[in-house]
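The values are calculated or read from the model by the stated rules, or taken from the named source; none is laboratory data. Since the model is a prediction, treat every value here as computed from it, not as a measurement. Heads up, the Cβs are rebuilt from the backbone with ideal geometry, glycines too, and the neighbour counts pull from every protein chain shown. Note: areas computed on protein heavy atoms with side chains; ligands, DNA, RNA excluded. Shrake-Rupley method; radii C 1.70, N 1.55, O 1.52, S 1.80 Å.
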Amino acid sequence: MNKTLRQTVIAGNWKMNKTPSEARDLLDGVKKLCGKTKWCDVVVCVPYLDIPLAVRTLKDCRVSVGAQNMHQEASGAFTGEISAEMLRDAGVKYVIIGHSERRQYFGETDALVAKKITRALDCDLRPIICVGETLEQRDMGITLEIVGAQVKAALTAVPEDKARRVIFAYEPVWAIGTGRVATSEQAAEVCGHIRSIVRKQYGARIARGVTVQYGGSMNAENARELLSQADIDGGLIGGASLKPEPFAAIVDASNQ
Ligand code: PGA
């Protein structure tokens, strides 16, 4: 499938790392090394409190700011939560939704993920929708069923005219933060499966344009091989996004 028809997106997921004072150096480094990147979209998904600094620091460069979560309602009595409207107003363009850590530690279900996707799209945020199987599920040979069900549930929230704004991130749970990366064949198989589900629902034209990332222990060494696969259009990067140099090396590896 022709990759030039879709955007490559390299997104850092800082998770719960970097206080605003610590974020300054990392943001300056990312701006210096990736601020002029033309061949792909570079995003840093920072903790909520780092958003204002990130938006200010990156405003004159090509790196966009993302959030790592949001609430599904527009506003109201939801103490401690952050809405899509707030993110948009603060200058955020992307939001990670349904990361496996949210599913695992905060009980997020496919139904909740779908509600959040609807809200994000309504607020003109691009959702990075995370899907992936556990090691147990892979060993049972049900990876494609599990990921397929997560993708179908997510797509119930996506009207056809907004389908191209959605990004999927295939993140095998067993590869996240473990240093155990999926082989490029494993990653390509599942990313291709995700695209085939999009194709069944919206047709070939839209499926060709949807960005599908791989995430899970992607680093400067393994990125080029993963990103050379026909159906892998970028990466969602945790650990390797916490220093400018390895993150920039992954951005460089996507230029192929
Ligand atoms: P990792 O995290 O790169 O540290 O494995 C990826 C993610 O959780 O998005």
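By the scheme Lys and Arg +1, Asp and Glu -1, what is the net charge of all other residues having a beta-carbon under 14 Å from that of ALA187?
On the way: positive: ARG138, ARG180, ARG195, ARG224; negative: GLU133, GLU171, GLU185, GLU189, GLU225, ASP231, ASP233.
Counting the neighbours of ALA187, the net charge comes to -3.
Using just the helices of the chain, give the 222 nm mean residue ellipticity in deg cm²/dmol: DSSP H runs with n ≥ 4 each add -39,500 (n - 2.57), and the total is spread over all residues, rounded to 500.
Details: 11 runs with 105 residues, N = 256.
My calculation for the chain gives -12000 deg cm²/dmol from helical runs alone.
Only Cα pairs within less than 10 Å get springs; with that Gaussian network setup on the chain, which residue of ALA169, ALA153, ALA67 has the largest fluctuation?
ALA153
So what's the projected area for the stretch 1-57, the Cα convex hull averaged over all directions, in nm²?
Numbers: hull surface 18.2 nm².
Average of the hull's projected areas for the stretch 1-57 equals 4.6 nm².
Which net charge results when you count Lys and Arg as +1 and Asp and Glu as -1 among the other residues whose beta-carbon is under 14 Å from that of GLY238? Could you put the intermediate results ahead of the total?
Values: positive: LYS15, LYS18, ARG102, ARG180, LYS243; negative: GLU101, GLU171.
Neighbour charge sum, excluding GLY238 itself: +3.
Kirkwood hydrodynamic radius of the chain from all distinct Cα pairs, in Å? Present the calculation step by step, with values, prior to reporting the outcome.
Numbers: mean 1/r = 0.0557 Å⁻¹.
The answer is 18.0 Å.
Which percent of the accessible area of the chain is formed by carbon and sulfur heavy atoms (probe 1.4 angstrom)?
Details: 5850 of 11410 Å².
Carbon and sulfur together cover 51 percent of it.
Gap in Å between the Cα centre of the stretch 172-250 and the Cα centre of the stretch 64-125?
Here the answer is 22 Å between Cα centres.
At q = 0.10, 0.11, 0.21, 0.22 Å⁻¹, what is the base-10 log of I(q)/I(0) for the stretch 1-106 according to the Debye formula with one equal point scatterer per Cα and no solvent? Please give it to two decimals.
Computed log10 I(q)/I(0) values: -0.31, -0.37, -1.15, -1.22.
Quick one: among GLN68, GLN137, GLN229, which has the greatest mean-square fluctuation in a GNM of the chain with alpha-carbon springs under 10 angstrom?
Among GLN68, GLN137, GLN229, the largest GNM mean-square fluctuation belongs to GLN137.
Only Lys, Arg, Asp and Glu count, each charged at its Cβ (+1, +1, -1, -1), so figure out the dipole size of the chain about its Cα centre, rounded to 20 debye. Intermediate results must be reported in sequence, preceding the final value.
Values: 33 positive and 30 negative charges, 161 e Å.
For the chain, the charge dipole is close to 780 debye.
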